[in-house]
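The next block holds one structure in the form of structure tokens; read it before the comments.
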Amino acid sequence: MDQGDEQHRRVPRYPFSAPAAVIPESGVTIADNVTELSLYGCYLDSRASLAPRTRVLVKIFAADGEYFEAEATVIYSNPSLGMGLVFRQVRPDFLAVLRKWLLKAMPQSQADEDEPSEEKPTEEK
């Protein structure tokens, strides 16, 4: 994905790490790992990417046993690297889970951005 794609997003994506299952309409489950999450979609690292416009059911699993589920569509695919999904239908109970995860991911993402660089500060005269 290039810089131009970044500018078209409705909301920011946040770093997120969790196992996921992607189930296309063909029914063959693909095990993936979510690496980025937003209110409207996610990016998954996957060696078995699906074609764009493929409709899927995605399930994302948290370490505490909580999970998120949504009907989604593959929006772009990078063969042997991964794919981006856009959520199409999210039930209210799963939307609550998603919002909770995003609230946790936001401060972590901002903390990563606010870390000072390794460069030495310059002295002011």
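Placing a label point 7 Å from the Cα of K100 along the Cα-to-Cβ direction, the residues of region 43-71 with a backbone N closer than 20 Å are 58-71. Consider a paramagnetic label point 7 Å from the Cα of R47 along Cα→Cβ; state which residues of region 9-35 have an amide N under 20 Å from it. Under 20 Å, as judged by backbone N against the label point of R47, lie 18-24, 28-35 of region 9-35. Convex hull volume of the C-alpha atoms in region 3-108, normalised per residue: 104 Å³.
If you take all other residues with their beta carbon under 11 Å from the beta carbon of A20, and give Lys and Arg +1 and Asp and Glu -1, the sum is -2. Along region 67-77 the Karplus relation, 6.51 cos²θ - 1.76 cosθ + 1.60 evaluated at θ = phi - 60°, assigns HN-Hα couplings of 9, 10, 9, 7, 7, 9, 10, 5, 9, 7, 9 Hz to successive residues, with x for each Gly and Pro.
Taken together, the values in this text are just the output of simple stated rules run on the coordinates, not laboratory data. Here the structure is a predicted model, which means the values were calculated and not measured. Cβ: placed from backbone, ideal geometry, glycine included. Neighbour counts: every protein chain shown.
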